[in-house]
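Have a look at the structure below, then the notes.
Please treat every number below as a calculation from the coordinates, not as lab data. Given the structure is predicted, the values throughout are model-derived calculations rather than measurements. Backbone-built Cβ (ideal geometry, glycine too); neighbour counts: all protein chains shown.
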Amino acid sequence: MRSFFLLFLLFWLPFAMQASKLTYHLSMPQPNSHYFAVKIDVQENTAAVQEFKLPVWTPGSYLVREFSKNLNQVRAIDAQGKELTVKKKAKNAWEVLCNGAATYTVFYEVYAFELSVRTPFLDNTHGFVAGAGVFMYTEETRNQLGVLKIYPHASFKKVSTALAPADYKSEPGCQTFVFKDYDQLVDSPIEIGNQQEFSFMAAGVRHRVAMYGEANYNIAELQRDMAKVVESATAVFGSNPNQDYLFIVHNVTDGQGGLEHLNSCVLSVSRWSYTGSNYLGFINLVAHEYFHLWNVKRIRPIELGPFNYDQECYTSLLWVMEGITSYYDELLLLRAGFYTKTEFISKLQSQINYVEGSPGSRVQPVAHASFDAWIKAYRPNENSSNTTMTYYSRGAVIGAVLDAYLIQRSKGKQSLDGFMQLLYQKYALDLKRGFSETEFEQELANYCGEDMHAFFKQYVNGTAIIPYQQYFEPMGLKVTDQTSTLTNFGAALEPGEVLKVRTVRSGSAAEDAGISVGDEILACDGFRIDKAGLENKYNNLQPGVSMELLLSRDGKLFSTKCVMKTYAKPQFSLQIKDANAPLLTYWLR
Ligand SMILES: [Zn+2]
């Protein structure tokens, strides 16, 4: 495994040394202050003015996060130590008046105290570098090879990153890495501290796991089970593009999920994730982020790389990137032996019922949910459940439907695996670019030999309920439409004893009665009421029958008459009819 890595380095390191124009220095003199100190040495400069910028977002997380809000004290000096003028040009841009100085140095500090998979963090226990929030770049040098020198605090013994180490000896107290362009620097998170690192081989690739934080994991179990996931994911595509892969795991009180990168990923999980059903959740997250090393990091919409770090990068295809990945994160667990077929179908049923039972499913097509991720998915409000649909869940359901359809119409000769392989070979390996929305639809039509426009119109760009019987019954499932029409209040309450309204469903009895999010329900039909009492009351009222509610809004009491209505919530049951049906056996192999 070591030799693979060295061969890789020998191939491009000599060029790194010759053409490097920017050398980054990262230090952390006082970790408890939460400041990283960054120094950028600029060499071979000829420009009179150079603009340095910090990304406003980080790939994989579709929200403008304004990382520059944490950046302070930007200054620059020439080779003689003379201060150069630095002017702020935009919220994320600084102009250095370097007057053609061939070499000069830029300094700044980054406040890092938000521990998430996408933001930098530093305290006395560890440092985490999410590059988009730490490293400035220039347009002129962003495609050039560069060097990063890390000076860990004396109390930190280890640096874990997928960046390649330099092939020459660093000065004491420094670890030197090289990168082929700025995208790779930003796409290679760095864990600095006293993390426990272990490794395993899978699919012919060395995988390292860097564990921050105390947790109840068992290394032998993780080596065995993560290897199964890696093998299953690699089998989908037939080959693994990496020579070395790193999982950085933050074991914390409240885990937040993961973020994918080219040769690594970051997982934030509860430190007690490693036993019982929580453990499957961890393995599922591993499968999700690992599948992304193909689907989004290499198979991708054209808008997602090379990145515009200055603004939102809109694509209608996040349902493919995140949704199909979500379909595979369950499918890989089935294939790797973590789920039975029945458990997999039960997961799919839950996903379908969540999707079709959400009011927002009838309002927001999944293509629009993808496009508007920046302002809706990542910025939810109290009305989001009425107007939005997650591209993760609906995308996963569409992935399952497409897989079933491809298998049944080709009688097991084609599948979603085959289509993903096609995209990987044609766009990632041969053309080395992303695809447009039109190309994606056309490639699918070409692959299955059928115009898919109506499918896209209804279920991707439209909000129609998918006819699940049509797609899943030929596969050997029994699909029952269990949509029920029940009397429904339509307001959900916050947790706790106070009856505070958390959401109001559009068109519901609660909305008709003028009840709003934030209102507190105090009494019903003249008596004080608790949650159980209110629930019992409205569950036993017939449509058209009313209850008189006393509420408080902003401290002012008011009463309203709430006339009960029915609500038809789409719901489906999926059951395996014949576990040995050939198509089912092929699908759930
Ligand atoms: Zn994802």
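What's the magnitude of the charge dipole for region 195-284 around its Cα centre, counting Lys and Arg as +1 and Asp and Glu as -1 at the beta-carbon? Answer in Debye, nearest 20. Could the numbers behind the result be given before it?
Details: 5 positive and 8 negative charges, 24 e Å.
That gives a dipole near 120 debye.
Using the Kirkwood formula on the Cα atoms of region 319-402, what hydrodynamic radius do you get, in angstrom to one decimal? Don't skip to the answer; put the middle values down first.
Working: mean 1/r = 0.0762 Å⁻¹.
Result for region 319-402, one decimal place: 13.1 Å.
Compute the separation of the alpha-carbon centres of region 423-444 and region 169-183 and state it in Å as a whole number.
First find each Cα centre; the distance between them is then 34 Å.
Work out the FRET efficiency for Leu431 and Glu535 from their Cβ-Cβ distance, taking R0 = 45 Å, and round it to the nearest 0.05.
So, using R0 = 45 Å, E works out to roughly 0.20.
Run the dipole for region 485-569 about the Cα centre, Lys and Arg Cβ at +1, Asp and Glu Cβ at -1, nothing else charged, and hand back the magnitude in debye, nearest 20. Display every interim value, and only then the final one.
Details: 11 positive and 11 negative charges, 35 e Å.
Here region 485-569 has a charge dipole of around 160 debye.
Could you give each residue of region 125-135 its phi-based ³J(HN,Hα) in whole Hz, using Karplus coefficients 6.51, -1.76, 1.60 with θ = phi - 60°, and x for Gly or Pro?
9, 5, x, 10, 10, 9, x, 4, x, 10, 9
Using a Cα-Cα cut-off of under 13 Å, which aspartates and glutamates could be cross-linked to Lys157, ignoring same-chain neighbours fewer than 8 residues away?
Here the aspartates and glutamates satisfying the reach criterion relative to Lys157 are Glu191, Glu197.
Within region 381-417, list the residues whose amide N lies under 15 Å from a label point set 7 Å along Cα→Cβ of Arg362.
Taking a point 7 Å out along Cα→Cβ of Arg362, the residues of region 381-417 whose backbone N falls under 15 Å are 385-389.
Could you tell me what percent of the DSSP beta bridges with both partners in the chain are antiparallel, to the nearest 5?
80
Okay, helix-only estimate at 222 nm for the chain: each DSSP H run of n ≥ 4 adds -39500 (n - 2.57), divide by all residues, round to 500 deg cm²/dmol; what do you get?
About -8000 deg cm²/dmol.
Taking 0.36 nm per residue of sequence separation and subtracting the Cα-Cα distance, how much length would be gained by fully extending the chain between Glu494 and Thr85, in nm to one decimal? All intermediate terms of the calculation are to be shown ahead of the outcome.
Details: separation 409, 0.36 × 409 = 147.24 nm, distance 5.36 nm.
Between Glu494 and Thr85, full extension yields an extra 141.9 nm.
Which ³J(HN,Hα) values in Hz, rounded to whole numbers, follow from the phi angles of region 204-219 under the Karplus curve 6.51 cos²θ - 1.76 cosθ + 1.60, where θ = phi - 60° and Gly and Pro get x?
x, 10, 7, 10, 10, 10, 10, 9, 9, x, 6, 6, 9, 7, 10, 4
Per residue, how much space in cubic angstrom lies within the convex hull of the C-alpha atoms of region 485-569? Let's see the in-between values first.
Values: hull volume 7.4 nm³, N = 85.
Output value, Cα hull per residue: 87 Å³.
Mind checking the full-extension length gain between Asp123 and Tyr586? Use 0.36 nm per residue of separation minus the Cα-Cα distance, one decimal, nm.
Using 0.36 nm per residue and subtracting the Cα-Cα distance, I get 161.6 nm.
R0 = 51 Å: FRET efficiency of Thr566 with Leu422, Cβ-based, nearest 0.05? Provide the component values of the computation, followed by the final result.
Details: r = 47 Å, r/R0 = 0.91.
In this case the efficiency is close to 0.65.
How far apart, in nm, are two points set 7 Å out from the Cα along the Cα-to-Cβ line at Ser573 and at Leu486?
1.5
Each residue of region 384-392 in turn: what ³J(HN,Hα) in whole Hz from Karplus with 6.51, -1.76, 1.60 and θ = phi - 60°, glycine and Pro shown as x?
With coefficients 6.51, -1.76 and 1.60, one gets 4, 5, 7, 10, 10, 10, 6, 6, 5 Hz.
To make sure I understand the rule: partners must be lysines, Cα under 20 Å from the Cα of Lys432, and not fewer than 8 residues away in the same chain. Which ones qualify?
Lys180, Lys297
Among Asn240, Ala154, Gly257, which residue has its Cα positioned farthest towards the positive end of the charge dipole of the chain, with +1 placed on the Cβ of Lys and Arg, -1 on the Cβ of Asp and Glu, and the dipole taken about the Cα centre?
Asn240
Place +1 on the Cβ of every Lys and Arg and -1 on the Cβ of every Asp and Glu in the chain, take the dipole about the Cα centre, and give the residue among Ile407, Val56, Ile302 whose Cα lies farthest towards its positive end.
Final value for the positive-end residue is Ile407.
For the pair Ala102 and Gln196, what calculated FRET efficiency results from E = 1/(1 + (r/R0)^6), where r is the Cβ-Cβ distance and R0 = 56 Å, to the nearest 0.05? Walk me through the numbers on the way to the answer.
Values: r = 44 Å, r/R0 = 0.79.
With a Förster radius of 56 Å, E is 0.80.
Distance in nm between label sites at Ser552 and Ile465, each 7 Å beyond Cα in the beta-carbon direction?
4.1
Starting from the Cα of Asn72, step 7 Å along the direction of its Cβ; do the same at Val545; then give the gap between the two resulting points in nm.
In this crude label model, Asn72 to Val545 measures out at 6.4 nm.
Taking a 22 Å limit on the Cα-Cα distance, which of the listed pairs Lys347/Lys577; Lys149/Lys169; Lys411/Lys569 fall beyond it?
Exceeds cut-off: Lys411/Lys569.
What translational diffusion coefficient, to the nearest whole µm²/s, does the chain have by Stokes-Einstein, given a Kirkwood radius computed over alpha-carbon pairs, a temperature of 20 °C and 1.002 mPa s viscosity?
81
Note the full-extension length gain between Arg409 and Thr342 as 0.36 nm times their separation in residues minus their Cα-Cα distance, in nm to one decimal.
21.8 nm
In whole angstrom, how far apart do the alpha carbon centroids of region 203-231 and region 64-133 sit?
Spelled out, the Cα-based centre of one part sits 35 Å from the other.
How much of the DSSP beta bridge set in region 195-284 is antiparallel, as a percent to the nearest 5?
Antiparallel bridges: around 45 percent, rounded to the nearest 5.
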